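Asks: Have a look at this one before I ask anything.
No lab work stands behind these numbers, since they all come straight from the coordinates. Just so you know, these numbers come straight off a predicted model, no measurement behind them. We place every Cβ from the backbone using ideal geometry, glycine too, and count neighbours over all the protein chains shown.
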Amino acid sequence: MKAAPFDYKRADSLSEALDALAEHGGEAKLIAGGQSLVPMMAMRLARPAVLVDINRLTSLKTVTTESGHVHMGACVRQRDVEHSAALCASLPLVQQALHWVGHQQTRNRGTVGGSLAYADPSAELPLACLVLGGTLHLESQANGARTVAAQDFFLGPMFTAIGEDECLVAIDWPIWQGGRVASVFEETAIRHGDFAMASAACQLQLDGQGVVSAISFGLGGVGGTPLTFPALAAQLIGQTLTPALAKDVAQAAAAQSEPGNDMHASAPYRRHLSAVLLERVLRQSATQAAA
Amino acid sequence: MNPNVKATMSTKHSLQIRVNGVNYQREVEPRTTLVDFLRDEIALTGTHVGCEHGVCGACSVMLNGEPVRSCCMFAVQADGMQVTTVEGLAPERGSMSKIQDAFCEKHALQCGYCTPGMLIACHALVAETPHPSAAQVREAISGNLCRCTGYQQIVDAVMHATAAEGANHG
């Protein structure tokens, strides 16, 4: 299995990369970590005529903490986030999600932006981004810079709001401040590091009385995109998240999921798994925040 | 995408990669993967080609000191970088590293196909964590498939090689 022939261009600046995308339209693809794209090219599911390498753009590798969020360049490697104590403290859900992403060999190359841009429905970082309500910064030569909220970004399996002449340049990850915050990410896969049959993530905040003051949760691998449940989450504000309530909410959410069948798991089994995993992350995050 | 406008020939790129301490300069097609470069261009066939789509880990090498899958990047992307392959793990020709010795001692290989990737994964772990737990070893080799050993002997080998001095005997 070898990739079809292509021309290679190493971009030395973002504008050079955007120029190449504008020039070649849908025939050009950006390559960063390559952990999704190169296997797709090997299997010839992707046959770009031009590959534009953005690995050496230092402007896409910066991480800054601003008021209320972390601004992360799209080419920051997954391993660098995983190994940053500061980021693990400010973005605990992202750190937990990364624990489930591939293996050390893939996280050393794989980028945060690449995982979001490929938007595999069972990938962990898109679920974390949606649960946290991240904002994605896109840029093109024709239309300049724009931002897209996570809930408008993931459109379907491997399908996002990124235009064919656009580059995902950065992600803003909201930081939850004040109060007692906890987050839990859980997943079931055939083997650790494989694609999830179902995954669940929750971040919540309790006030001084142990009542939920903020909460967001979601499911991965059981729909065309990761799923969040803002209406169900809103019902939990001001309540004590008891085990019984966690179970009810998890079952209501799982009932809204739209899992598919494949050789590893049937749709009913995935829906069952998602209820179990979501109940677990709700209960564990409530327990952790209360501790 | 229109299949009629694909590139049929792609321009070769000149690149320089330092492999196991030796500089190599070659002209390659952009679609040459790093593992094919190592095996076909500079004849270092210790690194194995397995699945060629990032699943089996047989092609693992160190890139600037970190383990990566050499089938999941193109050689042109490694221009100017340093690579360590399985041939570069032993301290000198004719000898073996402590972990390689332990692989022999604990029967951590049978057919040997996964071994180069396993050795890279284990050396990378030990460079970062000199005395890993068995769970850490399992996590470090979780991206490498082995169809012979059942993995336990590989875990045993790393535990053997990294046990405190004096605890290896007996």
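Asks: Considering every Cα-Cα pair within the protein assembly as shown, what fraction, in whole percent, is farther apart than 30 Å? Numbers along the way, then the final one.
Replies: On the way: 51797 of 106030 pairs.
When every Cα pair of the protein assembly as shown is considered, 49 percent fall beyond 30 Å.
Asks: Calculate one ³J(HN,Hα) per residue across segment A:75-91 by plugging θ = phi - 60° into the Karplus curve 6.51 cos²θ - 1.76 cosθ + 1.60, and present them in order as whole Hz with x for glycine and proline.
Replies: Coupling constants for segment A:75-91: 8, 5, 6, 4, 4, 5, 5, 4, 9, 8, 4, 5, 5, 5, 6, 8, 10 Hz.
Asks: Kirkwood hydrodynamic radius, segment B:11-88, all distinct C-alpha pairs: what's the number in Å? Could the numbers behind the result be given before it?
Replies: On the way: mean 1/r = 0.0829 Å⁻¹.
For segment B:11-88, the Kirkwood estimate is 12.1 Å.
Asks: At 1.002 mPa s and 20 °C, plugging the Kirkwood radius over alpha-carbon pairs of segment A:7-53 into Stokes-Einstein gives what diffusion coefficient in µm²/s?
Replies: Working: Rh = 10.8 Å.
Stokes-Einstein gives a translational diffusion coefficient of 199 µm²/s.
Asks: Nothing charged except the Cβ atoms of Lys and Arg (+1) and of Asp and Glu (-1): what's the magnitude of the dipole of the protein assembly as shown about its Cα centre? Round to the nearest 20 debye. Don't skip to the end; give the middle numbers.
Replies: Working: 32 positive and 42 negative charges, 132 e Å.
My answer is approximately 640 debye.
Asks: Give me the compactness ratio for segment B:4-162, meaning the Cα radius of gyration over 2.2 N^0.38 Å.
Replies: For segment B:4-162, the normalised Cα radius of gyration comes out at 1.08.
Asks: Once every Cα of segment A:210-291 carries one equal point scatterer and solvent is ignored, give the base-10 log of I(q)/I(0) from the Debye formula at q = 0.14, 0.21, 0.22 Å⁻¹, two decimals.
Replies: -0.45, -0.91, -0.97
Asks: Here's a follow-up. Let me know the number of lysine pairs in chain A closer than 27 Å at the Cα, not counting same-chain pairs under 8 apart.
Replies: On the way: A:2/A:29; A:9/A:29; A:9/A:61; A:29/A:61.
Value for chain A: 4.
Asks: Here's a follow-up. Where the eigenvalues come from the Cα gyration tensor of segment B:46-140, what are the semi-axes √(5λ) of the equivalent ellipsoid, largest first, in whole Å? Mind showing how you got there, number by number?
Replies: Numbers: eigenvalues 89, 45, 42 Å².
Equivalent ellipsoid semi-axes, largest first: 21, 15, 14 Å.
Asks: Same structure, new question: Does segment A:168-210 classify as rounded, prolate or oblate by the C-alpha gyration tensor (a ≥ b ≥ c root eigenvalues; a/c under 1.5 gives rounded; else a/b over b/c gives prolate, otherwise oblate)? Each step should come with its number before you reach the end.
Replies: Numbers: a/c = 4.60, a/b = 1.49, b/c = 3.08.
Oblate shape, in that a/c is at least 1.5 and b/c is the bigger or equal ratio.
Asks: Mind checking B:53-61 for the average number of partner chain beta-carbons within 10 Å of each residue's beta-carbon?
Replies: Numbers: counts 8, 12, 5, 0, 4, 0, 1, 3, 1.
Taking the mean over all residues of the peptide, I get 4.
Asks: When Lys and Arg each count +1 and Asp and Glu each count -1, what net charge do the other residues less than 12 Å away from residue A:80, Cβ to Cβ, add up to?
Replies: Numbers: positive: A:61, A:77, A:79, A:107, A:109; negative: A:82, B:66.
Net charge around residue A:80: +3.
Asks: Please work out the C-alpha center-to-center distance from segment A:180-200 to segment B:97-165 and express it in whole Å.
Replies: So the two Cα centres are separated by 26 Å.
Asks: If you don't mind, there's one more thing I want to ask. Count charges around residue A:16 for me, please; just the other residues with Cβ under 13 Å from its Cβ, Lys/Arg as +1, Asp/Glu as -1. Show your work: numbers first, answer last.
Replies: Working: positive: A:9, A:10, A:56; negative: A:12, A:19, A:23, A:53, A:139.
Result for the local shell: -2.
Asks: Any idea how far the Cα center of segment B:47-72 sits from the one of segment A:12-43, in Å?
Replies: Each part's Cα centre sits 21 Å from the other's.
Asks: Divide, for segment A:58-174, the radius of gyration over alpha carbons by 2.2 N^0.38 Å, where N is the residue count. Show your work: numbers first, answer last.
Replies: Values: Rg = 13.1 Å, N = 117, 2.2 N^0.38 = 13.4 Å.
Compactness ratio reported: 0.98.
Asks: Going by how many other Cβ atoms sit within 10 Å of their own, how do A:88, B:72 line up, fewest first? Don't skip to the answer; put the middle values down first.
Replies: On the way: A:88 15, B:72 27.
Result, fewest neighbours first: A:88, B:72.
Asks: Please report, in debye to the nearest 20, how large the charge dipole of segment B:98-162 is about its Cα centre when each Lys and Arg carries +1 at its beta carbon and each Asp and Glu carries -1 there. Could you put the intermediate results ahead of the total?
Replies: Working: 4 positive and 5 negative charges, 27 e Å.
Computed charge dipole of segment B:98-162: roughly 120 debye.
Asks: Moving on. Let me have the 222 nm mean residue ellipticity of chain A computed from DSSP H runs of 4+ only, each contributing -39500 (n - 2.57), with the sum over all residues rounded to the nearest 500. Write out the running numbers ahead of the final one.
Replies: On the way: 12 runs with 104 residues, N = 291.
Calculated at 222 nm, the ellipticity per residue is -10000 deg cm²/dmol.
Asks: Assign one of three labels to segment A:8-100, namely rounded, prolate or oblate, based on the Cα gyration tensor with a ≥ b ≥ c the square roots of its eigenvalues; rounded applies when a/c is under 1.5, prolate when it is not and a/b is larger than b/c, and oblate otherwise. Don't skip to the end; give the middle numbers.
Replies: Values: a/c = 3.04, a/b = 1.67, b/c = 1.82.
Since a/c reaches 1.5 but b/c is at least a/b, the shape of segment A:8-100 is classed as oblate.
Asks: What percent does the relative contact order of chain B come to when contacts are Cα pairs within less than 8 Å and at least six residues apart?
Replies: Details: 282 pairs, mean separation 35.7, N = 170.
In percent, rounded to a whole number, it is 21.
Asks: Quick check: Cα centre of segment A:231-276 to Cα centre of segment A:63-140, how many Å?
Replies: 24
Asks: Compute the angle between helix A:14-24 and the longest alpha-carbon principal axis of chain A, please, reported from 0 to 90 degrees and rounded to the nearest 10.
Replies: With rounding to tens, the tilt is 70 degrees.
Asks: Rounded, prolate or oblate: which fits segment B:90-170, taking a ≥ b ≥ c as square roots of the Cα gyration tensor eigenvalues, rounded meaning a/c under 1.5, else prolate when a/b beats b/c? Walk me through the numbers on the way to the answer.
Replies: On the way: a/c = 1.36, a/b = 1.14, b/c = 1.19.
Note, shape of segment B:90-170 comes out rounded.
Asks: On to the next question. Where Lys and Arg each count +1 and Asp and Glu each count -1, what net charge lies around residue A:108 among other residues with Cβ under 12 Å from its Cβ? Don't skip to the answer; put the middle values down first.
Replies: Working: positive: A:77, A:79, A:107, A:109, B:69; negative: A:80, A:82, B:66, B:128.
Result for the neighbourhood of residue A:108: +1.
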